[in-house]
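The values are calculated or read from the model by the stated rules, or taken from the named source; none is laboratory data. Bear in mind that the values here come from a model prediction, so they are computed numbers and not experimental data. In this analysis, Cβ positions are derived from the backbone assuming ideal geometry, glycine residues included, and neighbour counts consider all displayed protein chains.
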Amino acid sequence: MLNSTELRNKYLEFFRSKGHTVIPSASLIPENDPTVLFTTAGMQPLVPYLLGQRHPGGRRLTDVQKCVRTGDIDEVGDDTHCTFFEMLGNWSLGDYFKQESIAWSYEFLTKELGISPEKLAVTVFRGDEDCPRDEEAAAVWKKMGIPAERIFYLPKENNWWIAGATGPCGEDTEIFYIDDEKEGDSPADDGGKYVEIWNNVFMHYYKHADGRLTELEQKNVDTGMGLERTLMTLNGYSSVYDTDVLRPVCELLRGKVSCPSEEAERAVRIIADHTRTATFILGDPRGVSPSNVDRGYILRRLIRRAVRYARGIGLDASVLTECAAKFIAIYGDFYTELKDNSEKILEELRLETEKFDKTLHQGLKEFEKLLGYIKDNRISGKAAFKLYDTYGFPPEMTLELSREHGVTVDMEGFERAFNEHQQKSKAGAEQKFKGGLSDSGVETTRLHTATHLLMEALRRTLSDPNIMQKGSNITPERLRLDFNFPRPLTEEEIKAVEEKVNEAIAAAVPVTCEEMTPDEAHASGAVGVFGDRYGDVVKVYTMGNYSKEICGGPHAANTGELGHFKIVKEQSSSAGVRRIKAVLEAK
Ligand code: SER
């Protein structure tokens, strides 16, 4: 028996002994890659280095990377799918290539993990007009002792790897564990006989947007081994939910189920999986909170889906926080951020589950009612929008419920209803905002401009680009700003923030405003809420190099008008949220 801690340690130690530098798991929220919402593979944070940039750790790296993939969310509940998983990986950045990569994988599996060579099968690239048949990899496998009948040549569909549509890529060789109790002719079919445990990608091409492949300057290796699947295989478990990272939570849930059934077991797995993913997203150093856009939306969907499944098997929604506390204990020694952020994780989870739990029951009743009078087995866009707007049902949940009942949903109608609502509330908000500020005039306008400078000064001083406004209230006398941050600011930090704002004021830069689409705003580096697929035009206010933010305005014409900025209070507002009160004094 091998547990997760032993497997992580063995892996990292083995590759350290082969000259690799052990690097920490990168954030789940990609830092420099706006094309993906979450880190989905170990190679993702390493793309610049695969393309030739020098990595401080050298040319051989190894790590355990936390990954989130939600593409297969509907499969979660079976034996092997999860929305979160850990990937053990090793990389050659223009250093070793196929020979060493394959030899070390073989050595690790057979010597370190003690897998019998007879239990291994591999696939290599069959070759096509882009890239030749991979006889080189096959020859190395043969040298290792894998007989020809266990080396399968497969097409691009199976033996080619790229993270998205463009980027570094290449042929790969995949390693499978043979489960003799199951049926299957080749690793390409789905009989379950061949369980993929490791993928070694030979990244030496770059795929361009026009589909062209060009050779990279360096030949890289990118390997990835799924921790949960490997543990399952090594220990002879029938599901990843039996591994030591998931079993305790599944057991906690099973202990509360009054009528065990296949359905209940599926629900248990879904709740465990989604809560684990939510725990890691909330607890990430660059973590986000549930919201209606982007990553926050995925997080919200996961939590709400878990609540629905919990309720479905008669469990209280608060069971999610119990599960999260268990996950923090299971993972906290290796992923210390979970311990550091445990309060935030549990509090955010509690808030979101409570919020949804209040409306879920009513929403489900409304859904049942709908089933009674819909026409053509189709739920109208308007009805789906009501479920979203009034009861907090993510549209994907309405779709899923509908599928379960054999009815469809008019999603186009949903989008139309959503758009109409957005337009109306935007107009309303602008009206309110104008009214609010025109009442109090020039002082509030200046304080509003100071709020933008303060936001950016906080991000820069605390080196955290994820700091966002959580609330703002401006009177003619002072500004009040709430923002996410886990601890009180030190005196030095407060001073540094004040200095930054005053520097921007001293620079007397003009405040300019441009209208653009949210995408353009994002590309321009403006701060704000992005990925809102329903938005049209936003205003972006720029203050020299000191601030760029999406906002309705109005603002002072020049930062020089503001006077001397002073923070008068820094205190807690709620869990994970700080509050600053500040004034502008006459210079
Ligand atoms: N990038 C490859 C994968 O995700 C190997 O790490 O499978």
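For segment 445-479, the tally of residues that are among the acidic types (Asp, Glu) and under 14 Å from residue 528 (Cβ atoms) stands at 1. If you scan segment 13-35, which residues turn out to be under 13 Å from residue 104 (Cβ atoms) and either touching a residue at least 12 places away in the same chain (Cβ under 8 Å) or crowded, with 19+ Cβ neighbours inside 10 Å (or both)? Those that are under 13 Å from residue 104 (Cβ atoms) and either touching a residue at least 12 places away in the same chain (Cβ under 8 Å) or crowded, with 19+ Cβ neighbours inside 10 Å (or both): 14, 15, 16, 18, 19, 20. In segment 153-162, the qualifying residues are those that are within 24 Å of residue 139 (Cβ to Cβ) and within 16 Å of the ligand (Cβ to nearest atom), and the one that is nearest to the chain's Cα centre (by Cα) is 161.
From 355, 326, 382, grab the single residue that is in contact (Cβ under 8 Å) with a residue 24 or more places away in the chain, under 19 Å from residue 298 (Cβ atoms) and among the basic types (Lys, Arg).
On the way: 326 fails: under 19 Å from residue 298 (Cβ atoms); 382 fails: under 19 Å from residue 298 (Cβ atoms).
355 is the lone residue from the list that is in contact (Cβ under 8 Å) with a residue 24 or more places away in the chain, under 19 Å from residue 298 (Cβ atoms) and among the basic types (Lys, Arg).
Within segment 40-71, the set of residues being touching a Pro at 6+ places or on another chain (Cβ under 7 Å) and among the aliphatic types (A, V, I, L, M) comprises 47, 50, 51.
Go through segment 286-313 and give me each residue that's modelled with pLDDT under 95 and over 23 Å from residue 389 (Cα atoms). Residues satisfying the conditions are 286, 287. Residue count for segment 36-49 satisfying the condition of being surrounded by 16 or more Cβ atoms within 10 Å (Cβ to Cβ) and either among the aromatic types (Phe, Trp, Tyr) or assigned to a loop (DSSP other than H, G, I, E, B) (or both): 8. Tallying residues that are outside any loop (DSSP other than H, G, I, E, B) and surrounded by fewer than 23 Cβ atoms within 10 Å (Cβ to Cβ) within segment 68-84 yields 3.
Residues are listed down the side, and each one gets a yes or a no for (1) under 15 Å from residue 3 (Cβ atoms); (2) surrounded by fewer than 24 Cβ atoms within 10 Å (Cβ to Cβ):
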| position | (1), (2) |
| --- | --- |
| 199 | no, yes |
| 202 | no, no |
| 216 | no, yes |
| 222 | no, no |
| 233 | yes, yes |
| 250 | no, yes |
| 254 | no, yes |
| 261 | no, yes |
| 265 | no, yes |
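Need the failing condition index for residue 581 against (1) more than 20 Å from residue 506 (Cβ to Cβ); (2) modelled with pLDDT of 85 or more; (3) out of contact with any strand residue (DSSP E or B) (no Cβ under 7 Å at 6 or more places or on another chain), just the number. Residue 581 satisfies all of (1) more than 20 Å from residue 506 (Cβ to Cβ); (2) modelled with pLDDT of 85 or more; (3) out of contact with any strand residue (DSSP E or B) (no Cβ under 7 Å at 6 or more places or on another chain) except (3). Looking at segment 19-37 only, could you name the residues that are within 14 Å of the ligand (Cβ to nearest atom) and either modelled with pLDDT of 95 or more or touching a Leu at 6+ places or on another chain (Cβ under 8 Å) (or both)? The answer is 25, 26.
If residue 165 passes every condition in (1) more than 16 Å from the ligand (Cβ to nearest atom); (2) hydrophobic (A, V, I, L, M, F, W, C); (3) part of a loop (DSSP other than H, G, I, E, B) but one, which one does it miss? So the condition that residue 165 fails would be (1). Every listed requirement among (1) within 12 Å of the chain's Cα centre (by Cα); (2) away from the ligand (no atom under 16 Å from the Cβ) is met by residue 56 save one, (1). In segment 75-85 there is no residue matching the filter, namely being under 16 Å from the mean Cα position of the chain (by Cα) and modelled with pLDDT under 95. Considering 511, 497, the condition of being in a strand (DSSP E or B) and of a type outside the set (Asp, Glu) is satisfied by 511 alone. Identify, from the list 70, 40, 62, the residue that is of a type in the set (S, T, N, Q), touching a Ser or Thr at 6+ places or on another chain (Cβ under 6 Å) and either within 16 Å of the ligand (Cβ to nearest atom) or within 20 Å of residue 199 (Cβ to Cβ) (or both). So the residue among 70, 40, 62 that is of a type in the set (S, T, N, Q), touching a Ser or Thr at 6+ places or on another chain (Cβ under 6 Å) and either within 16 Å of the ligand (Cβ to nearest atom) or within 20 Å of residue 199 (Cβ to Cβ) (or both) is 70. The requirement of being more than 30 Å from residue 555 (Cβ to Cβ), surrounded by 14 or more Cβ atoms within 10 Å (Cβ to Cβ) and either among the polar types (S, T, N, Q) or modelled with pLDDT of 95 or more (or both) is satisfied by residue 398.
Of the candidates 175, 146, the single residue that is within 14 Å of the ligand (Cβ to nearest atom), of a type in the set (Val, Ile, Thr) and either in a helix (DSSP H, G or I) or within 25 Å of residue 109 (Cα to Cα) (or both) is 175. Scanning segment 340-377 for residues that are under 23 Å from residue 410 (Cα atoms), surrounded by 13 or more Cβ atoms within 10 Å (Cβ to Cβ) and out of contact with any helix residue (DSSP H, G or I) (no Cβ under 7 Å at 6 or more places or on another chain) yields 364, 371, 374. Taken across segment 365-388, residues that are aromatic (Phe, Trp, Tyr) and under 25 Å from residue 295 (Cβ atoms) do occur, with at least one present.
Summed over segment 541-587, the residues that are free of Cβ contacts under 8 Å to residues at least 60 places away in the same chain, farther than 17 Å from residue 479 by Cβ and assigned to a loop (DSSP other than H, G, I, E, B) give a count of 4. Is it true that some residue in segment 177-191 is polar (S, T, N, Q) and modelled with pLDDT under 95? Within segment 177-191 (the criterion being polar (S, T, N, Q) and modelled with pLDDT under 95), the answer is yes, since at least one residue qualifies. Scanning segment 447-491 for residues that are surrounded by 20 or more Cβ atoms within 10 Å (Cβ to Cβ), free of Cβ contacts under 8 Å to residues at least 60 places away in the same chain and part of a strand (DSSP E or B) yields a count of 1.
Of the set (1) in contact (Cβ under 8 Å) with a residue 60 or more places away in the chain; (2) more than 15 Å from the ligand (Cβ to nearest atom), all apply to residue 236 but (1). Pairs are defined by a Cβ separation below 8 Å, a sequence spacing of at least 6 or placement on different chains, a first member in segment 189-210 that is closer than 14 Å to residue 171 by Cβ and touching a residue at least 60 places away in the same chain (Cβ under 8 Å), and a second member that is within 11 Å of the ligand (Cβ to nearest atom) and among the aliphatic types (A, V, I, L, M); the pairs so defined are 200/221; 201/43; 201/221; 202/221; 203/43; 203/50; 203/221.
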